[in-house]
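Since the structure comes first, as structure tokens, the remarks are kept for the end.
Just so it is clear, none of the values below were taken in a lab; they were calculated from the coordinates. Quantities reported herein were computed from a predicted structural model and do not represent experimental measurements. Positions of Cβ are generated from backbone atoms using ideal geometry, with glycine treated the same way; all protein chains shown enter the neighbour counts.
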Amino acid sequence: MKFDTAYSLSLDDKLSIYDVRDLNFDETAAYDSDKDSFLCPNDTCRAAFETGNALSTFNAKNVNYLRTPHFKNKTTTRHIDGCRYASTHKTATGENDDEREENFPSEFVLTRRTYERKTPATGTEGQVPQGPAKTPLNRTDSSVSSSDTTPDKTSVFAHPVECYVSNIDDKDKLKAMPLKIGDHTATYWAFFKKIEYLQDNKGLIYWGKIKEIKDYTSSFRIDFEKKVWLDKKPYSVNVYLSKKLIENYRKRQAFLEQIKAAVDSERPLYCFFYGVTPELKQVPSKKNPEQTFGVFSANIENLDHLIIRETPGVE
Ligand SMILES: [Zn+2]
């Protein structure tokens with residue numbers, strides 16, 4: 001079975017697999033999931049075994065993945081009787097449950113999750129003064145936040161996107177699952193808006209098939225296949241990723257690996273983004289700089305809220 005969450009021994013906290021991926025790719029965090037141990041999130045169950053009774057990860061490190069990332073039991077992993085993570089059965093329909101993300105977070109949090117280290121990493125600056133900021137997590141707070149229930153919020157964009165993509169054939173489910181972003185609450189179905197309909201509403205998660213990615217070496221422009229219609233005229237849509245944005249990104253290497261693979265890819269790829277809404281702009285024509293033409297465009301402001309990926313089942 002898939003685990004929605006697992007206890008990380010090194011961080012002394014419960015993480016989703018998307019948190020783990022985010023940490024693995026974060027160049028500002030000294031973290032490697034291969035060196036961590038993931039244990040059963042059920043506190044009672046975990047306390048009954050040695051820390052060697054660990055789970056394994058699936059797609060914790062692949063930059064580009066097709067199948068839903070998750071934690072899973074190893075053949076040797078043991079659980080106490082009654083632990084809800086003990087089941088190794090396939091679903092009743094015989095369907096392989098690895099193929100869907102079933103844990104729909106009800107909120108996508110726009111500020112990044114931070115992690116309190118159990119043992120502070122040895123920095124290059126030598127002695128770290130022991131100030132109030134270094135106080136370990138208050139036990140009471142910790143037990144409140146680390147309940148055995150499915151985590152209900154995520155700050156990793158890939159998580160709601162995976163929910164949407166892996167359940168794209170189940171419209172009823174997407175229409176039933178609530179999602180909150182900022183002050184706006186809707187369903188997963190309503191929050192994900194195809195790029196050609198971006199005029200319908202601002203502040204949504206826009207997505208569409210990529211026509212082309214222009215590689216300007218240190219910056220990129222993603223052109224969408226579908227056009228936006230305004231006053232019976234079609235307009236191209238694109239998003240622009242600036243050099244500064246990419247250079248300052250904490251997951252720069254993983255991002256460049258992803259987008260450079262996408263530039264060369266022959267397979268259909270889709271771009272999902274949140275935080276900006278492309279607007280009609282007049283840009284000079286290349287052939288005739290005297291002339292301008294209209295295009296719906298936006299500058300991406302936060303690479304944490306942009307994903308390029310395949311979406312099996314959409315075609
Ligand atoms: Zn267990």
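Data overview
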quantity: Proportion of all alpha-carbon pairs of the chain beyond 31 Å (%); calculated: 37 percent
quantity: Reach of residue 232 by Cα under 20 Å, taken over lysines that are not fewer than 8 positions away in the same chain; calculated: 194, 281
quantity: Expected 222 nm ellipticity per residue - DSSP helices of 4 or more, -39500 (n - 2.57), all of the chain, to 500; calculated: -4500 deg cm²/dmol
quantity: Exposure proxy ranking, count of Cβ atoms within 10 Å, fewest first, for 252, 309, 21; calculated: 252, 309, 21
quantity: Karplus-derived 3J(HN,Hα), 6.51/-1.76/1.60, for each residue of the range 229-243, Hz, glycine and proline x; calculated: 9, 9, 6, 6, 10, x, 10, 5, 10, 8, 10, 10, 10, 7, 4
quantity: Chymotrypsin sites (Phe, Trp or Tyr not before Pro) restricted to the range 197-288 and DSSP loop, no more than 13 other C-beta within 10 Å; calculated: 216
quantity: Cα centroid separation - the range 19-59 against the range 247-315, whole Å; calculated: 33 Å
quantity: Chain lengthening between residue 314 and residue 221 when straightened (0.36 nm per residue, less Cα-Cα); calculated: 31.2 nm
quantity: Residue-wise HN-Hα coupling along the range 195-201, computed from phi with Karplus coefficients 6.51, -1.76, 1.60 (Hz; x: Gly, Pro); calculated: 4, 5, 10, 5, 6, 4, 6
